[in-house]
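Colleague: Sharing a structure, written as C-alpha cells. Questions coming.
The values are calculated or read from the model by the stated rules, or taken from the named source; none is laboratory data. All figures in this text were calculated on a predicted structure; none of them were measured in a lab. Cβ placement follows ideal geometry from the backbone for every residue including glycine, while neighbour counts extend to all protein chains displayed. For the accessible areas, the whole protein counts, side chains as well, though only heavy atoms, and no ligand, DNA or RNA atoms are used. Shrake-Rupley method; radii C 1.70, N 1.55, O 1.52, S 1.80 Å.
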Amino acid sequence: MGERSGRVGKRIGCAAIVAAAGVALALSVHHDVQLTTSVTTPQWIAEQTVELQQEECIYHAIRAQVPKGAAVYVASPDLYATQRLAELSTLWAVPQANIANARWRLSLVPARGHCSGLALEVRRT
Amino acid sequence: MRALVMLAVGLGAPGILPAVAVARRNPVAVFLAPLIGAGMAAVAAAIELGAGGSVVADYMVVAVAVNLAVIAWWLAWLRAAQPRAIATRARSWEWPVLTLAVVLGCLAVPLMALRAPTIGWDANSIWLTHAFMVYGGHHELLTGLKNVAYQFSNPDYPPLVPAVGALAFKFFGLGNLHLATDMTVLLSACALGAVGTGIAATGIGPGIAAAGRGGRQPARIAAVVAAGAMCIAGFAVSGLSEVEGYTDLLWAAAAAGAVIWGLVLPHSAQALGVAWICAAVASLTKNEGLITALVILVLIALRYRPLSLPGPTARTWAERAAFVVLPALPGLAWAGLIRQIGVHDAFFRSASAEAPLTRAEATIAGMAAHLAVAPVALAVLAAGCWFARADRQRAGLANPAWLWITCLGSLVTLFATYVIGGFEIHWWLGTSVSRTTIFVQVLLYAELAIWLVMAVEGAFTCSDWHSSQRPSSAGERVPEAPGSPREPLPEWHHGLPTQ
C-alpha cells in the first residue's frame with residue numbers, strides 16, 4: 001500500500017514538474033512567436049529597409065564629400081546621429097574628439113530627398 | 001543568404017574538423033563548428049592588433065594551424081586506439097538526426113525576424129564600428145581603438161563579433177552593412193543550438209538509455225521537444241535586441257552551453273571539450289562573457305578535479321589551473337593586449353555620486369523585473385529534488401547545485417558591477433539590465449527543461465525503479481538497473497559514462 005501510494009505520489013509530483021516547466025517554456029515560446037510576428041510585418045520590414053538604406057546613403061555621402069584620411073569632427077543634434085557619423089566615417093576619415101584637431105565638421109541635418117530625410121552637412125572648421 | 005553561406009563556408013568549414021574531433025557524432029558538432037570558426041576569427045583579430053597583418057591572412061594561419069593540430073591528434077588517437085573498440089561502436093543515427101532537425105527547425109522561427117534589416121544602437125555604435133576597424137587592418141584597428149573619439153564604442157570589448165563581421169565584409173564586400181548583424185544573430189542561434197543539443201543529451205544520454213523499459217522513449221521525446229523549446233525561449237528572453245545585432249544573447253547562450261555541457265551532463269572528455277569551446281566563445285564576445293566564463297571554468301575545474309581528490313596536491317592544483325586558463329587563454333590574452341595598448345573600460349573610470357544603498361535598491365528592483373522565471377525554476381527545483389532526484393542521478397547528471405551556483409555567481413557579479421560602477425544607476429539599468437540578465441534567464445529556462453525531461457522519465461519509470469532505488473551519496477552516480485538490459489551506448493555519446 002505504502003509503495004503504491006509512493007508511486008502515485010511520485011507520478012503526481014512528476015506531472016506537476018512537467019506542467020510547471022512545460023507551461024513556462026510554452027509561454028516563452030509563445031512570446032517569441034508573437035515578437036517574431038510583430039517584426040516581420042510588411043510595414044516593419046519596409047521601415048527597417050528605409051533606415052538601412054539611409055545608413056548606407058550616409059556611408060556613401062561621407063566618401064563622396066570628405067577627402068580620404070581627413071581629420072573630422074562629428075557633431076549632430078542627437079547622440080545617436082553623432083555616433084552613427086563616427087561609425088560610418090571609419091575606414092575613410094579620422095574622427096577627432098577635439099574640434100581644434102579637425103579640418104572638417106560633419107553633421108546630419110534634416111533634408112528632403114537626400115538620405116531618406118537626412119543629409120550629410122560638411123563644413124570646414 | 002550571404003550570411004548563411006558565410007556561416008557555413010567561412011566559419012563552419014574551418015571549424016568542422018575540430019568540432020567533430022570534440023563532439024564526434026553528437027549533433028552539437030553542427031553548431032560548434034561555426035562557433036569554433038568565430039573563435040578562430042577572434043584570435044586572428046587579436047593577432048592583427050598585436051602583431052599585424054590582415055584579419056583574412058591571420059584567420060587562414062590560425063585555421064590551418066588548428067586543423068593541422070587536430071589531424072595530428074586524430075592520427076595519434078587512431079594509432080593508440082584498439083581497432084576492435086573503434087569497430088564495435090553502435091551506429092545509431094535516428095536520435096541525433098531527429099534532435100538536429102527539431103533544433104534547427106525551432107531556431108528557424110526566431111531567425112525569420114532577420115527578414116527585417118534592423119541594426120540596433122549597440123550594433124551600430126560598437127560592433128559595426130569595430131568590424132570596420134578590424135576590416136581596415138592593423139593600423140586602422142590600433143589607431144581606431146586608441147582614438148578618444150571612439151570612446152563611446154567601448155573599445156576594450158573582445159573581438160569575436162567584429163572579427164566575424166569583418167570577415168563577412170571581406171568575403172562579400174561592404175555593400176550590405178546588415179551582413180554583420182546577420183552574422184551575430186546566426187552565431188547566437190548556433191550558441192543556443194549548443195544549449196539545445198545539450199538538453200537533448202540529458203534525455204538521450206547513457207543513464208536513460210541504460211534505464212530501459214518504459215521510461216526511455218518518452219524521456220527521449222521530451223528531451224528533444226524541450227531542446228527545441230529552449231532554443232526559441234533563448235531568443236524570447238533577449239527580445240528584440242538580439243535580432244538587432246546585440247551580442248548579449250551570443251555570450252549568454254555560449255556561457256549557458258558551457259554550463260550545460262560542463263556542469264550538468266555526465267563527466268566525459270566530449271562534454272568537457274564542448275564546454276571549454278563554449279566558454280572560450282563567451283569570453284571572446286563581451287567583457288561580461290569573460291568574467292562569467294572564468295566563473296564557469298573554475299566550477300568545471302572543481303567538478304572534474306574535486307577538492308576531495310586523493311593524490312599529489314600540487315599536481316591536482318596545476319590541473320585545476322590548466323582547466324581554467326587553457327580555455328580562457330584567448331579571452332585573457334585579448335584583455336591583456338587591450339590594456340597593454342592603453343585602452344580601459346568605461347564602467348569604473350569615475351566614482352558615482354549616488355549612495356551605495358540607492359544604487360543597490362535600484363539594482364535589485366531592476367534585476368528582479370527580468371527574473372520572473374526564477375520563482376518557477378526554484379519551485380521546480382524543489383519538486384524535482386523531491387520527486388525526480390533518483391532519475392536525475394540515474395541519468396548521470398550533475399547535482400543541480402552547480403547550475404544554481406553559476407546563476408548566483410553571475411547575479412552577484414552583476415549586482416556588484418552596477419553598485420560599484422560609475423554611471424548614473426537608473427539610466428545604466430534602463431539601458432542594460434534586460435540584456436545583462438539574459439544569461440541567468442537562459443540558464444533558468446534550461447534548468448526547467450532539464451527537470452521536465454527528468455520528470456517525464458520519473459513518471460514513466462517509477463514502477464520499474466521505485467523498489468530498486470538505492471541511496472546514493474555521490475550526486476552523479478549511474479546505478480545499474482536490475483533486470484533491465486544495458487543498451488550499447490551510441491557512438492555519438494561516446495565517452496559520456498566515464499564517471
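Colleague: Going by the conditions given, is residue B:384 within 13 Å of residue B:451 (Cβ to Cβ), part of a helix (DSSP H, G or I) and among the small types (Gly, Ala, Ser)?
Modeller: In short, yes.
Colleague: Test residue A:80 against the criterion of being without any contact (Cβ under 8 Å) to a residue 40 or more places away in the chain, among the aromatic types (Phe, Trp, Tyr) and not in a loop (DSSP other than H, G, I, E, B), and give yes or no.
Modeller: yes
Colleague: For the list (1) open to solvent by 60 Å² or more (accessible area, probe 1.4 Å); (2) part of a loop (DSSP other than H, G, I, E, B); (3) of a type in the set (A, V, I, L, M), I need the number of the one condition that residue A:23 fails.
Modeller: With respect to (1) open to solvent by 60 Å² or more (accessible area, probe 1.4 Å); (2) part of a loop (DSSP other than H, G, I, E, B); (3) of a type in the set (A, V, I, L, M), residue A:23 is out only on (2).
Colleague: Out of contact with any strand residue (DSSP E or B) (no Cβ under 9 Å at 6 or more places or on another chain), in contact (Cβ under 8 Å) with a residue 60 or more places away in the chain and among the aromatic types (Phe, Trp, Tyr) - does that describe any residue in region B:20-40?
Modeller: Yes.
Colleague: Would it be correct to say that residue B:406 is surrounded by 15 or more Cβ atoms within 10 Å (Cβ to Cβ), away from chain A (no Cβ under 14 Å) and assigned to a helix (DSSP H, G or I)?
Modeller: yes
Colleague: May I pose another question? Within region B:265-276, take every residue that is in contact with a Pro (Cβ under 8 Å, 6 or more places away or on another chain) and closer than 18 Å to residue B:393 by Cβ and give me the one that is surrounded by the most Cβ atoms within 10 Å (Cβ to Cβ).
Modeller: Out of the qualifying residues, it is B:266.
Colleague: Next question, about the same structure. Just to be sure I understand the filter: pairs with C-beta atoms under 7 Å, separated by 6 or more residues or on different chains, first member in region B:170-199 and in contact (Cβ under 8 Å) with a residue 60 or more places away in the chain and within 12 Å of residue B:6 (Cβ to Cβ), second member basic (Lys, Arg) and part of a helix (DSSP H, G or I). Which pairs pass?
Modeller: Pairs that qualify, where the first residue is in contact (Cβ under 8 Å) with a residue 60 or more places away in the chain and within 12 Å of residue B:6 (Cβ to Cβ) and the partner is basic (Lys, Arg) and part of a helix (DSSP H, G or I), are B:172/B:2; B:179/B:2.
Colleague: Taking residue B:152, is it over 25 Å from the mean Cα position of the chain (by Cα), crowded, with 23+ Cβ neighbours inside 10 Å, assigned to a helix (DSSP H, G or I) and at the interface with chain A (Cβ under 10 Å from one of its Cβ atoms)?
Modeller: no
Colleague: Kindly indicate the residue of region B:228-257 that is charged (D, E, K, R) and within 20 Å of residue B:108 (Cβ to Cβ) and also nearest to the chain's Cα centre (by Cα) among those meeting that condition.
Modeller: For region B:228-257, the residue satisfying everything is B:242.
Colleague: OK, next. Tally up the residues in region B:120-149 that are more than 10 Å from chain A (Cβ to nearest Cβ), over 12 Å from residue B:247 (Cβ atoms) and under 25 Å from the mean Cα position of the chain (by Cα), please.
Modeller: 1
Colleague: Quick check: is even one residue across region B:383-392 loosely packed, with under 14 Cβ neighbours inside 10 Å, in contact with a Gly (Cβ under 7 Å, 6 or more places away or on another chain) and not β-branched (Val, Ile, Thr)?
Modeller: Within region B:383-392 (the criterion being loosely packed, with under 14 Cβ neighbours inside 10 Å, in contact with a Gly (Cβ under 7 Å, 6 or more places away or on another chain) and not β-branched (Val, Ile, Thr)), the answer is yes, since at least one residue qualifies.
Colleague: Can you name the number of the only condition in (1) open to solvent by 70 Å² or more (accessible area, probe 1.4 Å); (2) assigned to a helix (DSSP H, G or I) that residue A:105 fails?
Modeller: Unmet for residue A:105, out of (1) open to solvent by 70 Å² or more (accessible area, probe 1.4 Å); (2) assigned to a helix (DSSP H, G or I): (2).
Colleague: Moving to a separate point now. Pairs under 8 Å by beta carbon, first residue closer than 19 Å to residue B:368 by Cβ and at the interface with another protein chain (Cβ under 9 Å from one of its Cβ atoms) in region B:234-251, partner open to solvent by less than 20 Å² (accessible area, probe 1.4 Å) and among the small types (Gly, Ala, Ser), six or more apart or different chains?
Modeller: Final answer for the pair search is B:236/A:28; B:237/A:28.
Colleague: How many of the residues in region A:71-91 are closer than 13 Å to residue A:103 by Cα, open to solvent by 10 Å² or more (accessible area, probe 1.4 Å) and of a type in the set (A, V, I, L, M)?
Modeller: Total satisfying the criteria: 2.
Colleague: Report yes if some residue within region B:423-432 is assigned to a helix (DSSP H, G or I), within 14 Å of chain A (Cβ to nearest Cβ) and among the polar types (S, T, N, Q); otherwise report no.
Modeller: Scanning region B:423-432, I find at least one residue that is assigned to a helix (DSSP H, G or I), within 14 Å of chain A (Cβ to nearest Cβ) and among the polar types (S, T, N, Q), so the answer is yes.
Colleague: Moving on to the next point. Tell me which residues, restricted to region B:97-149, are open to solvent by 40 Å² or more (accessible area, probe 1.4 Å) and of a type in the set (Phe, Trp, Tyr).
Modeller: B:121, B:135
Colleague: Also, quick follow-up: Of the residues that sit in region B:49-72 and are of a type outside the set (A, V, I, L, M, F, W, C) and part of a helix (DSSP H, G or I), which one is nearest to residue B:139 (Cα to Cα)?
Modeller: Of everything passing the filter in region B:49-72, B:50 is nearest to residue B:139 (Cα to Cα).
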